[in-house]
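The values are calculated or read from the model by the stated rules, or taken from the named source; none is laboratory data. Computed from a prediction, not measured in an experiment: that's the story for all the values here. So basically every Cβ, Gly included, is an ideal-geometry build from the backbone, and we count neighbours across all protein chains shown.
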Amino acid sequence: MEKDTTAYLKIEFDFNPLDEINKRIFFPNSEIKKITFREKPGFFYRFTFNTNFQYLEEKEDILNEIYIFNSKPIEGDLSEYALLEGDYSINEVPDFKNSYFNAKEEVKKRIQEKTNQISKDLGLNFEKEKDKIEKKFSFETKGFQKELEEITDKLMEFARKGELEKISEQKKLINSIKEKSNFLALEEDKVRAIQLENQKHLLNVENKLKKTTVIRYPIYIFNIDVKTEPLKKSFIINFDPVANDISGLTCESCSNKVKEIFICSSGHATCKKCSIECQSCRKSFCKKCLKNTCEICSRSICKDCSVRCFRCSKLVCKTHTRKDPVSARHYCSSCLKRCERCTGMKDPYSFRVSKKTNAEICEDCFREEMQGKVLKGVFE
Ligand SMILES: [Zn+2]
Ligand SMILES: [Zn+2]
Ligand SMILES: [Zn+2]
Ligand SMILES: [Zn+2]
Ligand SMILES: [Zn+2]
Ligand SMILES: [Zn+2]
């Protein structure tokens, strides 16, 4: 990390944590019996960076304050908190190298637009300067070319007239111009001038960490005991006042984080969406508990209300089932047999053949028939 100065600050909240938690979480079908809390330290960081832009004759400094919370940059403003001198040392602060790196990345993002603008302006400016250089050199080259053309014209004229002395004079002149003009060297000079101009137009950006501010604040951990007769349940809930986040209240059916917890009749914590009534006993259950449906009326039913038919093995609700009082077996309504003598729906396995009519009758009717016979015998 670059050399910087570090400040240690802290936030102290002036609210009552119990009031805050009571405003934020709800137990609609149970009662809070006991609630206690302790604190653990939470931290966030402010990194102050100085960015220096250097280009042409310009020098510009920009300050950026980056707030890092849970390792991520946030739009921060400390003005809403009363900050106090922190009474702790670096040893109590968790390692925040990652926070620093992320802050540095964030600075780069925040200055990107400005960097792009300056680069664009510099690029345009460089093109203009380059144009000027090219024009200047082509003007010089053209100058020499014109001179040479004029001399060549003269040379032709002298040749026509046969003035040999003057011809050799002009030839010397041509050579001296060619030496002076040296087109290749001229081209090299031009390239060099453009390179120089390009270097002048480079943008130099430097980010320096000026200050690190560590801010400590309390995170509250609550122990909450709730009761809904005859069940008891305990929750451990974290309340982070800076993140305004509550964790620890989770629906055991859908795993969603919730603010409102219902206790199912088997003691599971459940959200409102996952809390369902048994359509037979009307008790509320969570999705996990209310898996059964009556195979006759397809209503959702709890474990206590589900009965398996002794004959067909169907799972049925209590209204679609009957317990035979003699055999104590449960039958679904479609498996019960109608007794033609008493018209009652009876255990299909208890039918007997009537000695009088040869018809299949229920056990009760059969017993009656037999008793009648006996009585008849007595009175005859
Ligand atoms: Zn749920
Ligand atoms: Zn039920
Ligand atoms: Zn449940
Ligand atoms: Zn059945
Ligand atoms: Zn049913
Ligand atoms: Zn009967």
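Assorted remarks:
- Of all residues in segment 233-271 being surrounded by 14 or more Cβ atoms within 10 Å (Cβ to Cβ) and at positive phi, the one that is farthest from ligand 4 (Cβ to nearest atom): 248
- Scanning segment 223-263 for residues that are touching a Gly at 6+ places or on another chain (Cβ under 7 Å) and either at pLDDT below 95 or not aromatic (Phe, Trp, Tyr) (or both) returns 231, 233, 236, 237, 238, 240, 242.
- Highlighted here are the strands (runs of 3 or more DSSP E) found entirely within segment 166-254 that include at least 3 residues which are touching a residue at least 24 places away in the same chain (Cβ under 8 Å), under 30 Å from residue 48 (Cα atoms) and among the hydroxyl-bearing types (Ser, Thr, Tyr): 204-228.
- Here residue 327 passes the criteria (1) closer than 30 Å to residue 267 by Cα; (2) more than 57 Å from the chain's Cα centre (by Cα); (3) among the hydroxyl-bearing types (Ser, Thr, Tyr) except the one numbered (1).
- Residues in segment 146-193 that are at pLDDT below 85, under 30 Å from residue 129 (Cβ atoms) and either touching a Ser or Thr at 6+ places or on another chain (Cβ under 7 Å) or not charged (D, E, K, R) (or both): 8 in all.
- Filter result for the condition that a residue is over 30 Å from residue 24 (Cα atoms) and within 14 Å of ligand 2 (Cβ to nearest atom), over 264, 309, 281, 286: 281
- Evaluation of residue 263 against (1) within 17 Å of residue 227 (Cα to Cα); (2) under 19 Å from the mean Cα position of the chain (by Cα) (one fails), failing number: (2)
- Any hit, segment 256-266, residues being closer than 25 Å to residue 71 by Cβ and not charged (D, E, K, R): yes
So that you can scan it fast, the table gives a plain yes or no per residue for (1) part of a strand (DSSP E or B); (2) at pLDDT below 90; (3) under 30 Å from residue 117 (Cα atoms):
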site	(1), (2), (3)
15	no, no, no
20	no, no, no
29	no, no, no
36	yes, no, no
73	yes, no, yes
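- Unmet criterion (only one of (1) under 30 Å from residue 223 (Cα atoms); (2) out of contact with any helix residue (DSSP H, G or I) (no Cβ under 9 Å at 6 or more places or on another chain)) for residue 259: (2)
- Within segment 272-318, restricting attention to residues that are surrounded by fewer than 16 Cβ atoms within 10 Å (Cβ to Cβ) and within 16 Å of ligand 4 (Cβ to nearest atom), the residue that is nearest to residue 330 (Cα to Cα) is 308.
- Residue in segment 95-115 that is more than 26 Å from the chain's Cα centre (by Cα) and touching a residue at least 60 places away in the same chain (Cβ under 8 Å) present: yes
- In segment 196-211, the count of residues that are surrounded by 13 or more Cβ atoms within 10 Å (Cβ to Cβ) and within 29 Å of residue 15 (Cα to Cα) is zero.
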